[in-house]
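Step one of this worksheet: look at the structure below.
The values are calculated or read from the model by the stated rules, or taken from the named source; none is laboratory data. Remember, it's a predicted structure, so these values are computed and weren't measured experimentally. Virtual Cβ from ideal backbone geometry, glycine too; neighbours counted across all protein chains shown. Please note that ligands, DNA and RNA were not included when accessible areas were found on the heavy atoms of the full protein model with its side chains. Shrake-Rupley method; radii C 1.70, N 1.55, O 1.52, S 1.80 Å.
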Amino acid sequence: MNEVNGLENKLIVFRLEGEEYAISVQRVGSIERILPITRVPSTPNFVKGVVNLRGVVTPVIDLKERFHEKQTTFTEQTRIIIVHIDDITVGLIVDEANDVLDIQQDQIEPAPEAVGSAVVEYISGVIKLEKRLFILLDLEKVLNKADMTELRTLEG
């Protein structure tokens with residue numbers, strides 16, 4: 001499924017390990033500063049736990065750990081992007097999120113085979129604008145069915 005359609009062509013841009021990623025603004029509920037995260041035992045390492053987001057228990061994953069097997073070091077710029085994937089809401093911990101892109105469908109190119117081999121399976125395309133390269137994530141691939149089932153049990 002392509003994230004960008006004719007009606008909506010805005011993407012939220014975030015940074016992770018020096019690379020710029022993008023997801024459809026339609027998938028994003030909010031962008032939050034780091035909130036207190038309650039660890040949940042017996043979950044994969046990249047699942048950091050849950051946060052209480054305005055009274056709703058929301059599972060949180062560390063994208064850096066998911067993609068690169070490195071934990072995110074929290075800074076003033078670290079953010080949790082609250083996204084909607086299928087029927088659940090999940091927080092994605094990223095190094096920073098501070099850009100909105102307006103793009104056209106024809107600006108999205110297929111992902112080259114060699115782009116960050118660790119994340120190539122999660123990419124739905126790339127966007128080249130001026131001297132910048134944005135990696136368009138396919139959120140359904142970032143979390144597989146087993147991950148989604150486990151995260152549903154954490155939701156409040």
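Confirm whether L129 is without any contact (Cβ under 8 Å) to a residue 40 or more places away in the chain and either over 14 Å from the mean Cα position of the chain (by Cα) or more than 22 Å from Q26 (Cβ to Cβ) (or both). Quick ask: steps written out before the conclusion?
Details: without any contact (Cβ under 8 Å) to a residue 40 or more places away in the chain: yes; either over 14 Å from the mean Cα position of the chain (by Cα) or more than 22 Å from Q26 (Cβ to Cβ) (or both): yes.
Taking the combined requirement at face value, the residue satisfies it.
Residues of region 30-39 being of a type in the set (V, I, T) and either assigned to a loop (DSSP other than H, G, I, E, B) or touching a Pro at 6+ places or on another chain (Cβ under 6 Å) (or both), which ones? Before you say what the answer is, go through the steps one by one.
Of region 30-39, the ones of a type in the set (V, I, T) are 31, 34, 37-38.
Scanning region 30-39 gives I34, I37.
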Go through region 117-134 and report how many residues are surrounded by 15 or more Cβ atoms within 10 Å (Cβ to Cβ) and either closer than 14 Å to L63 by Cα or at pLDDT below 85 (or both).
3
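Please find, among L63, L137, L151, the residue that is open to solvent by less than 10 Å² (accessible area, probe 1.4 Å) and either on the phi > 0 side of the Ramachandran plot or at pLDDT below 85 (or both).
Values: L63 fails: either on the phi > 0 side of the Ramachandran plot or at pLDDT below 85 (or both); L137 fails: either on the phi > 0 side of the Ramachandran plot or at pLDDT below 85 (or both).
Exactly one residue qualifies, and that residue is L151.
Checking the conditions here, which among T89, T75 is open to solvent by 10 Å² or more (accessible area, probe 1.4 Å), farther than 21 Å from T43 by Cβ, of a type in the set (S, T, Y) and modelled with pLDDT of 90 or more? If you could, list the steps in order and put the result at the bottom.
On the way: T89 fails: farther than 21 Å from T43 by Cβ.
Selected residue: T75, the only one of T89, T75 that is open to solvent by 10 Å² or more (accessible area, probe 1.4 Å), farther than 21 Å from T43 by Cβ, of a type in the set (S, T, Y) and modelled with pLDDT of 90 or more.
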Of all residues in region 40-64, how many are assigned to a strand (DSSP E or B) and not basic (K, R)?
13
State which residue is nearest to Q104 (Cα to Cα) when the search covers only region 7-36 and only residues that are hydrophobic (A, V, I, L, M, F, W, C) and open to solvent by 50 Å² or more (accessible area, probe 1.4 Å).
L7
Taking region 37-60 as the search range and keeping residues that are surrounded by 13 or more Cβ atoms within 10 Å (Cβ to Cβ), under 18 Å from V142 (Cβ atoms) and among the polar types (S, T, N, Q), which one is modelled with the highest pLDDT?
T58
